[in-house]
Amino acid sequence: MAILEILEFPDPRLRKIATPVNVFDSKLDDLTKDMVETMYDAQGIGLAATQIDVHKRILVIDVSESKDSPQVFINPSFEIIEEELSDYDEGCLSVPGFYETVSRPQRVLIKAQDQTGGAFEIDASGILAVCIQHETDHLDGKLFVDYLSSLKRQRIRSKLEKEHKKSA
């Protein structure tokens, strides 16, 4: 297994729309294991393949307290079950060091496949519902900063660009 590089905003590769996974093989299994290891190493609760410059509809999530229950979602989609919005302070491994309040539906029905191609559904609420919406946004080329005002988004962009120049 390997720790993979996570792209950071405003990298344009984060805006690419991911394509569906059609081949369920050992390469896919290895990739999902690397993604889980990378997510844990970065102390995140979710990671979309887009964030590691793999533009396939794959994401991993672990919202458990003990951080020992990773979930893999291949070709995920969701339907909103409860329209009522809740505010959550969201952060992102691709926007390190920033947390902002985002409003999202409280409850969603997740439809996805596992690493073998088997279909499953989960009725999700709370942090899992937020996380699946956040990570699915990545697969669609969208970041949580897109929910913020243009002023806040530009401020975050400027700070991260300055950090990238320092570390280059």
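The values are calculated or read from the model by the stated rules, or taken from the named source; none is laboratory data. Note that the structure is a prediction, hence the values are computed from the model and not measured. FYI the Cβ positions are ideal-geometry reconstructions off the backbone, even for glycines, and counts take in every protein chain you see. Ligands, DNA and RNA are excluded from the accessible area calculation, which covers all protein heavy atoms including side chains. Shrake-Rupley method; radii C 1.70, N 1.55, O 1.52, S 1.80 Å.
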The local net charge around Ala124, scoring Lys/Arg +1 and Asp/Glu -1 for residues other than Ala124 whose Cβ lies under 14 Å from its Cβ, equals -3
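Under 20 °C and 1.002 mPa s, how fast does the range 79-168 diffuse according to Stokes-Einstein, given a Kirkwood radius computed over C-alpha pairs? Answer in µm²/s, whole number. All intermediate terms of the calculation are to be shown ahead of the outcome.
Numbers: Rh = 14.7 Å.
Stokes-Einstein gives a translational diffusion coefficient of 146 µm²/s.
Find the accessible area per residue for the range 98-168; the probe is 1.4 Å, ligands and nucleic acids are left out, and the unit is Å².
Details: 3650 Å² over 71 residues.
Per-residue accessible area for the range 98-168 comes out at 51 Å².
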I want to verify a result. In a Gaussian network model of the chain, Cα cutoff 10 Å, which of these has the top mean-square fluctuation: Ser26, Ser94, Ser66? Ser66
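Carbon-plus-sulfur fraction of the accessible area of the range 21-168, 1.4 Å probe, in percent? Let's see the in-between values first.
Details: 3520 of 7420 Å².
Result for the range 21-168: 47 percent of the exposed heavy-atom area is carbon or sulfur.
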At the level of C-alpha centres, the distance separating the range 1-44 and the range 70-101, in angstrom, is 16 Å
Which pairs in the list Lys56/Lys159; Lys67/Lys162; Lys33/Lys56; Lys67/Lys111; Lys56/Lys111 are over 21 Å apart, alpha-carbon to alpha-carbon? Lys56/Lys159; Lys67/Lys162; Lys67/Lys111
With point charges of +1 on the Cβ of Lys and Arg and -1 on the Cβ of Asp and Glu, referenced to the Cα centre of the range 119-168, which listed residue (Ile122, Ser167, His134) lies farthest in the positive direction of the dipole? Ser167
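Residue separation times 0.36 nm, minus the C-alpha to C-alpha distance between Asp114 and Lys27: what's the value?
Numbers: separation 87, 0.36 × 87 = 31.32 nm, distance 1.37 nm.
Full extension from Asp114 to Lys27 adds 30.0 nm.
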Cα-based Rg then Dmax for the chain, in Å, read 15.5, 45
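Taking the alpha carbon gyration tensor of the range 61-121, what are the square roots of 5 times its eigenvalues, largest first, to the nearest whole Å? Mind showing how you got there, number by number?
Values: eigenvalues 106, 65, 23 Å².
Gyration-tensor ellipsoid for the range 61-121: 23, 18, 11 Å.
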